[in-house]
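J.: A single structure is presented below for examination.
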Amino acid sequence: MSSIDAIRPAAAPSSTRGPFLLTIATLVCASLTIVKGAMTSSTGSGMAYPDWPLSDGQLMPESSYTTLAGFFEHFHRLAASTTGLCALGLALWLHFGRLGDARARVLAWLGGVLVLAQGVLGGVGVLLGKRPDVPAQLLAQPGASVLREPMTPVLTSVLHGTLAQLTFATFAWLAYQLSERYRRTAPVTTVPPGAGRKLAVFGLVMLVLQTVLGAIARHANSPHALWTHAGNALVVFFAATIATAFAMGRLAAVPGIVGICRTTVFLLIVQIALGFVALAIRNPAGKRQANVENLWVASTISLHVLIGATLTMLMATLAAHVFRATRRDPEPAQASA
């Protein structure tokens, strides 16, 4: 081996350190976007500004920092825009810098497309938002004015929320692929790739399905979807627990596996408990503008949404670790310096 060949492995970690840090920054921005979006939905503030991409035709309207509804909706848009800029910069950096492997570059572009699609869906939902048609006899009843509050379409809202979670998972997987841990992980030849990968992917799919059910329950105010979401929480718990138990039992020596599994199980327990709390305190009328008066309720429900997104991210990261550790390609892991 020549002296040039000997130093190549040491150069690899620094080549993707910048993109790795930008991916982490993108995840931070995405998490803020999810929290802001959850607060926007929980307080019925999604139609605070009926235009898009500007807010009342301005980049920074006064109502965005003088009213709670305007604050939640406008700064949700700003957080989403920041996430999009980070995602675009990351994809361009990897692509034109020829950094990372081809899979990482494809994943970066996929994440960018997901962010773009999510933003467009959110904007289209606002532009299509309207006051629902309510029979006159219902409007004559006391307190029925809330029935005429403008709302975004259920379909765009559900897709918007679901894509946010998929974006979170995509950049979490990418962060692992760009990390030094990814390069240092040697294949575990004693563990067949089939079972562990299937369990991790199944757990991830069930978490995404749980997100869809939760989004339908929130945006359609559907009791059926709500109780299906609650019942499916047990299925998600068992699917994720089995996946983590397999990973800890067979792949505990792989760096990062044990920490991810323990954190996932802990958050699963917290999430289920928080879900029942959210179920008890939620407004039966759904996402109404009056909810802004009960910020602690909106904050509790938004925390439930954020933990759900974090669980999806963790399961995606676990799946990435399992796929990497059970690979059968001839690519050697780099030895620690």
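J.: Taking DSSP loops as anything outside H, G, I, E and B, show the longest stretch in the chain free of trypsin sites (Lys or Arg not before Pro) there with at most 10 other beta carbons within 10 Å. Working shown, then result.
T.: On the way: sites that count: Arg98, Arg328.
Formally, the longest exposed-site-free interval is 99-327.
J.: Please compute the contact order of the chain in relative form: average sequence separation of alpha-carbon pairs under 8 Å and at least six residues apart, divided by the residue count, as a percent.
T.: For the chain, the relative contact order is 25 percent.
J.: Applying the Karplus parametrisation 6.51 cos²θ - 1.76 cosθ + 1.60 with θ = phi - 60° to the phi angles of region 239-251, what ³J(HN,Hα) value in whole Hz is obtained for each residue in order, glycine and proline being reported as x?
T.: Using θ = phi - 60°, the values come out as 5, 5, 5, 5, 5, 6, 5, 5, 5, 5, x, 10, 10 Hz.
J.: What accessible area per residue comes out for the chain, rounded to a whole number of Å², with a 1.4 Å probe?
T.: On the way: 16270 Å² over 337 residues.
The answer is 48 Å² per residue.
J.: At Leu54 and Leu127, where each label point lies 7 Å from the Cα along Cα→Cβ, what is the point-to-point distance in nanometres?
T.: Taking the two extended label points, one gets 1.5 nm.
J.: Could you work out the relative contact order of region 25-92, using alpha carbon pairs under 8 angstrom and six or more residues apart, expressed as a whole percent?
T.: Once normalised by length, the contact order is 45 percent.
J.: On a full-extension model of 0.36 nm per residue, what is the gain between Val154 and His224, subtracting their alpha-carbon distance, rounded to one decimal in nm?
T.: Numbers: separation 70, 0.36 × 70 = 25.20 nm, distance 1.50 nm.
Result for the pair: 23.7 nm of gain on full extension.
J.: Take Val120 and Ile281, extend 7 Å from each Cα along the Cα→Cβ direction, and tell me the distance between the two endpoints in nm.
T.: Here the modelled spin labels are 3.8 nm apart.
J.: Sticking with this structure for a sec: Over the chain, with every protein chain in place, what whole percent of the accessible area is carbon and sulfur at 1.4 Å, could you tell me?
T.: C and S atoms contribute 71 percent here.
J.: Continuing with this model, one more query. Give, rounded to the nearest 20 debye, the magnitude of the charge dipole that region 203-337 has about its Cα centre when Lys and Arg contribute +1 at Cβ and Asp and Glu contribute -1 at Cβ. Write out the running numbers ahead of the final one.
T.: Working: 9 positive and 3 negative charges, 15 e Å.
Magnitude of the dipole: close to 80 debye.
J.: At a probe size of 1.4 Å, how large is the accessible area of Thr190, to the nearest 10 Å²?
T.: Spelled out: Thr190, probe radius 1.4 Å, area about 110 Å².
The values are calculated or read from the model by the stated rules, or taken from the named source; none is laboratory data. Everything quoted here is computed from the prediction, not taken from an experiment. Note that each Cβ is placed from the backbone with ideal geometry, even for glycine, and that neighbours are counted across all protein chains shown. Side chains are part of the model used for accessible areas, which takes the heavy atoms of the whole protein and leaves out ligands, DNA and RNA. Shrake-Rupley method; radii C 1.70, N 1.55, O 1.52, S 1.80 Å.
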